[in-house]
Structures are given as structure tokens and as C-alpha cells.
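Asker: Below is one structure. I have some questions about it.
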Amino acid sequence: MIMKGKNIVLAALLILLPSTMDAQKKRSTAKTKSKPKVSVVDTEYEERLESMRNSIQKVVFIDSIVVKKSQLLSSLNIPDEAGSVESYNNFFNTTDQPNAVVYINQLKNKCVFSKFADGGWDLYSSEMIGDKWSRDIPLKGLDVLGDDVDINWPFMLADGTTLYFAAKGEESIGGFDIFMTRYDETTKSFLKPENIGMPFNSTANDYLYIVDEYDGFGWFATDRNQPEGMVCIYSFLLNDVRENYIVDEYSPEQLRQLSEIHSISQTWSSLNVRNNALERLTDVYKRKFTQKKKNDFTFVINDELTYTTLTDFRSPEAAEKYVSLNDLSGKKNKLDISIDRARNAYPTARQPQREQYKQQLLAAEKQSEKYEIEIANLTKEIRRIELAKLGK
């Protein structure tokens, strides 16, 4: 996609830019290759493909850039609140896992990573103990996808339980599809992963899925419609709730194009919506770039103390609570954005939609007020804990 104006700024900034778990069963080194995407006619596969085409998620795609796959990780500007993603070799200072990926949480004390072993790719976790990372622990529950499934490209939400990853196997419609799962504290295992569907997945390879809950944006990478060795990184608006396209309102060709992201402009309800989102996204990149040069954040402890990084905290409990505060602030920010969108749409909406907007606004405004109270209380609690640790 040729990028002009603000898009040039966006592209430039982009460039500058879990738990007790059981061991998974060993793979055979003579690993059976996963089923080809489209070369074999399979009833179950075709039914799954048709089901996805009939439930395409409505997503507003803001922009896209094409980069070399080898430069994918370095081309991302993941906000600090969401953690970070690095190559395995770079993070662990080794050379034996050139295609493995590591997700590191914001506190930099937990990570989830892929690793090639016993003839296949699986996910593992590790925690920082003292100044060293603990032994690799296989993630329990992901093997329900099958014995010969390759899993890579992990990303975890700030809640520490919601995990996204790319997997290639029988549950995929492509070489790699993006899946989502959550950790169940009761069973000490991840729930059965779910394919997140179209338009994020396709009959090509779909890789890394990243969420910035604080600002309300997401990114994902795919090699659909790209030359060998290239990937396209899409940025999109997060939805408050999942909404699918109504099949009867679109022709089969329109649905096909929407599922494949034939053109991001097809996802815009209006040019104004896209331009506003692009402006906000550009501001996020600028803010993150400025913070990288100065500090991570600003949190006032008292009249004499202001923290700018998590390492400033002397109390680990206060640092953990600050991460929760940041997550809560992100949820409120995202909710307030959706409230503004609903208010702007209300005047031109039809009567049935107006009533729906009215009910949604009332509920959202109540929730926003609740978030505001929780944020204020948590802020006071963080200050109290930190000052007690400092003996003040």
C-alpha cells in the first residue's frame, strides 16, 4: 500500500520503532506434515471454512505496511503497557532457535516463548527468579490441537491469562492461523484454543496478533497476497464486543473481499472514522517514541517523588498494582472512546438504533464512572504501599 501524508509518519515510527504446567508428550522426529490448506478437498475443512465465511468479524482496519518477514519484530512498536516481543535468540543470547519468538510482560519477570524441540514447535513459559530465568515449562492444554501442530508467535494480554498465538495444524484453514485461549486457574491449564476466524485468518499464513487495550488498537501480520519472504502488518481498531457482518446484506463476492481484506477502505463506515483513528494512532506512536527518549510514564508518589519507570518502585506489590492501574486506565480509555462514537452516531441513527444506542450509552457511562472510582482508589493504595515501603 502506498502511504502518503500522515501514513509516512506512521510507517517511519513503526520502523523506529503463565503457573504449574505439565510436560507435553514428545513428538516424533519424523513429524507428519500438516494438511495442506486448499489442495485436499475435505468435508470437515470445507465446513469450517464455510462457517468462517458466514461469521466474518467487523473490524475497522486503519492502515498497513509491507516489510520483510525477517524484519517483522523490529518493525513493530508495541506499547510498553502491552509488554514486548523479541526473537528468542536475541532475548536469550543464543543462536540455536533462529525462528522462535518470545513475549515478555511489562514487569519483565515473566515470558512465554516458542521453541523447536522433538520435531515440532511448542510454547513454554519462564519466570525471573533472582536475576535468572527459570527452566522452560511447557504450556499445558495446547496439545488438544493435535500431536503434529506447530505453535509459534505468542502474545499475552496484560491480564496474564489471555494468550494469542499462531498455530499450523488441522484446526487451521491456512499454514498458520491465529488462536486465542485463557488460562484456567482451577485446572492449572489453558482452555481449548479457539480459532479467531476471519478476517484475521485466511488460507495464507497469519502470524502475530497484538493488542493495546490502553489505547484501543491492535496489529496483526500476514503473508496473504505478498511475495515470498514479505509480510503485511495491519493496524486496526479494537471492538468493545464482537460484531459480525450480516451475510444477507452482502453479495458472496463482497463477503469474500471482506474476509480477505481486499481493501481496508471497505471496512470504513466513513472516511471520517478512519481519519480520526489514524490521527489517534499516529499520536500514540509519537507519544511512545517520546517516552522512549524520556521515560515510560509519570506517576506522582508525593510532592517530592515522581516515578517514571517500574524499576523506580521499591515495593514489588506497588509495582504489580501499578500494572493493574495501567490496565484499568486502558479499559476506561477504550470505553470512553466507544461512548464518544455512540454519541456521534446517535443523531443520524434510525429509531430502533437510537434506543439501542441510548441503552448502551447509559450502561457504558455507569461503567466509566465505576472505573473512575476504582482508578482513584487504586492510585491511593499504590501510594500508600510505596510510602510504607519507603518508611514515609
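Asker: Considering only the range 163-208, state which residues are assigned to a loop (DSSP other than H, G, I, E, B) and among the small types (Gly, Ala, Ser). If you could, list the steps in order and put the result at the bottom.
Answerer: The initial filter retains those residues of the range 163-208 that are assigned to a loop (DSSP other than H, G, I, E, B), namely 169-176, 185-188, 191-193, 196-205.
Scanning the range 163-208 gives 169, 172, 174, 175, 197, 202, 204.
Asker: List the residue pairs whose Cβ atoms are under 8 Å apart, where the first residue sits in the range 191-202 and is of a type in the set (Lys, Arg), the second is surrounded by 21 or more Cβ atoms within 10 Å (Cβ to Cβ) and assigned to a strand (DSSP E or B), and the two are 6 or more positions apart or on different chains.
Answerer: 192/181
Asker: Okay, next question. Only one of these conditions is not met by residue 312: (1) modelled with pLDDT under 85; (2) closer than 21 Å to residue 325 by Cα; (3) of a type in the set (Asp, Glu). Which number is it?
Answerer: Residue 312 satisfies every listed condition except (1).
Asker: When the residues of the range 271-297 are filtered to those that are modelled with pLDDT of 80 or more and of a type in the set (S, T, N, Q), which remaining residue is farthest from the chain's Cα centre (by Cα)?
Answerer: Only one residue fits best here, namely 272.
Asker: Look at residue 162 and say whether it is within 17 Å of the chain's Cα centre (by Cα), farther than 26 Å from residue 314 by Cα and surrounded by fewer than 22 Cβ atoms within 10 Å (Cβ to Cβ). Before you say what the answer is, go through the steps one by one.
Answerer: Working: within 17 Å of the chain's Cα centre (by Cα): yes; farther than 26 Å from residue 314 by Cα: yes; surrounded by fewer than 22 Cβ atoms within 10 Å (Cβ to Cβ): yes.
Yes: the conditions hold for residue 162.
Asker: Let me ask another. Collect the residues in the range 343-371 that are of a type in the set (D, E, K, R), open to solvent by less than 80 Å² (accessible area, probe 1.4 Å) and closer than 26 Å to residue 217 by Cβ, keeping them in residue-number order.
Answerer: In the first step, residues of the range 343-371 are kept if they are of a type in the set (D, E, K, R); the result is 343, 350, 354-355, 358, 365-366, 369-370.
Checking which are open to solvent by less than 80 Å² (accessible area, probe 1.4 Å) leaves us with 354, 365.
The answer is 365, and nothing else.
Asker: Here's something else I'd like to know. Residue 340: part of a helix (DSSP H, G or I), out of contact with any strand residue (DSSP E or B) (no Cβ under 9 Å at 6 or more places or on another chain) and open to solvent by 50 Å² or more (accessible area, probe 1.4 Å), yes or no?
Answerer: Against the criterion (part of a helix (DSSP H, G or I), out of contact with any strand residue (DSSP E or B) (no Cβ under 9 Å at 6 or more places or on another chain) and open to solvent by 50 Å² or more (accessible area, probe 1.4 Å)), residue 340 qualifies.
Asker: Next question. Taking the range 50-65 as the search range and keeping residues that are among the aliphatic types (A, V, I, L, M) and surrounded by 17 or more Cβ atoms within 10 Å (Cβ to Cβ), which one is farthest from the chain's Cα centre (by Cα)? Talk me through it step by step, then tell me what you get.
Answerer: As a first pass, look at the range 50-65 and keep what is among the aliphatic types (A, V, I, L, M): 52, 56, 59-60, 62, 65.
Remaining after also requiring surrounded by 17 or more Cβ atoms within 10 Å (Cβ to Cβ): 52, 56, 59, 62, 65.
Values: 52: 20, 56: 18, 59: 14, 62: 15, 65: 17 Å.
Across the range 50-65, the extreme among qualifying residues is 52.
Asker: Considering every residue within the range 307-318, establish whether at least one is assigned to a helix (DSSP H, G or I), touching a strand residue (DSSP E or B) at 6+ places or on another chain (Cβ under 7 Å) and open to solvent by less than 30 Å² (accessible area, probe 1.4 Å). Reasoning before the result, please.
Answerer: Restricting attention to the range 307-318, the residues satisfying the condition of being assigned to a helix (DSSP H, G or I) are 310-312, 316-318.
Applying the additional criterion that residues be touching a strand residue (DSSP E or B) at 6+ places or on another chain (Cβ under 7 Å) yields none.
The answer is no; no qualifying residue exists.
Condition check ((1) open to solvent by less than 50 Å² (accessible area, probe 1.4 Å); (2) not in a strand (DSSP E or B)) across all residues:
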{"position": "85", "(1), (2)": "yes, no"}
{"position": "90", "(1), (2)": "no, yes"}
{"position": "98", "(1), (2)": "no, yes"}
{"position": "108", "(1), (2)": "no, yes"}
{"position": "116", "(1), (2)": "no, no"}
{"position": "144", "(1), (2)": "no, yes"}
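Asker: Now for a different question. How many residues are under 22 Å from the mean Cα position of the chain (by Cα) and either of a type in the set (A, V, I, L, M, F, W, C) or on the phi > 0 side of the Ramachandran plot (or both) when one looks only at the range 121-152?
Answerer: Residues flagged as under 22 Å from the mean Cα position of the chain (by Cα) and either of a type in the set (A, V, I, L, M, F, W, C) or on the phi > 0 side of the Ramachandran plot (or both) within the range 121-152 amount to 8.
Asker: Pull out all pairs, ordered by first then second residue, where Cβ-Cβ is under 6 Å, the residues are six or more apart or on different chains, the first lies in the range 64-83 and is among the aromatic types (Phe, Trp, Tyr) and at pLDDT 90 or above, and the second is open to solvent by less than 20 Å² (accessible area, probe 1.4 Å) and assigned to a strand (DSSP E or B).
Answerer: Partner pairs satisfying both residue conditions: none exist.
Asker: If you don't mind, there's one more thing I want to ask. Inspect all residues belonging to the range 239-250 and state whether any of them is over 14 Å from residue 69 (Cα atoms), open to solvent by less than 10 Å² (accessible area, probe 1.4 Å) and in a strand (DSSP E or B). Break it down into steps so the answer makes sense when it comes.
Answerer: Of the residues in the range 239-250, the ones over 14 Å from residue 69 (Cα atoms) are 239-250.
Adding the requirement that they be open to solvent by less than 10 Å² (accessible area, probe 1.4 Å) leaves none.
Checked the range 239-250: no residue is over 14 Å from residue 69 (Cα atoms), open to solvent by less than 10 Å² (accessible area, probe 1.4 Å) and in a strand (DSSP E or B).
Asker: Filter the range 211-238 for residues that are part of a strand (DSSP E or B) and open to solvent by 40 Å² or more (accessible area, probe 1.4 Å) and give the result. Working first, answer last.
Answerer: Of the residues in the range 211-238, the ones part of a strand (DSSP E or B) are 211-212, 217-222, 230-237.
Across the range 211-238, the qualifying residue is only 230.
Asker: Next up: Is it fair to say residue 32 is closer than 30 Å to residue 140 by Cα, within 25 Å of the chain's Cα centre (by Cα), at pLDDT below 80 and loosely packed, with under 14 Cβ neighbours inside 10 Å? Working first, answer last.
Answerer: Working: closer than 30 Å to residue 140 by Cα: yes; within 25 Å of the chain's Cα centre (by Cα): no; at pLDDT below 80: yes; loosely packed, with under 14 Cβ neighbours inside 10 Å: yes.
Taking the combined requirement at face value, the residue does not satisfy it.
The values are calculated or read from the model by the stated rules, or taken from the named source; none is laboratory data. The shown structure was predicted, so the numbers you read here are calculated from the model rather than taken from an experiment. Here Cβ is always computed from backbone atoms with ideal geometry, including for glycine, and neighbour counts include all displayed protein chains. In case anyone asks, the SASA skips ligands and DNA or RNA and just uses the protein heavy atoms, side chains included. Shrake-Rupley method; radii C 1.70, N 1.55, O 1.52, S 1.80 Å.
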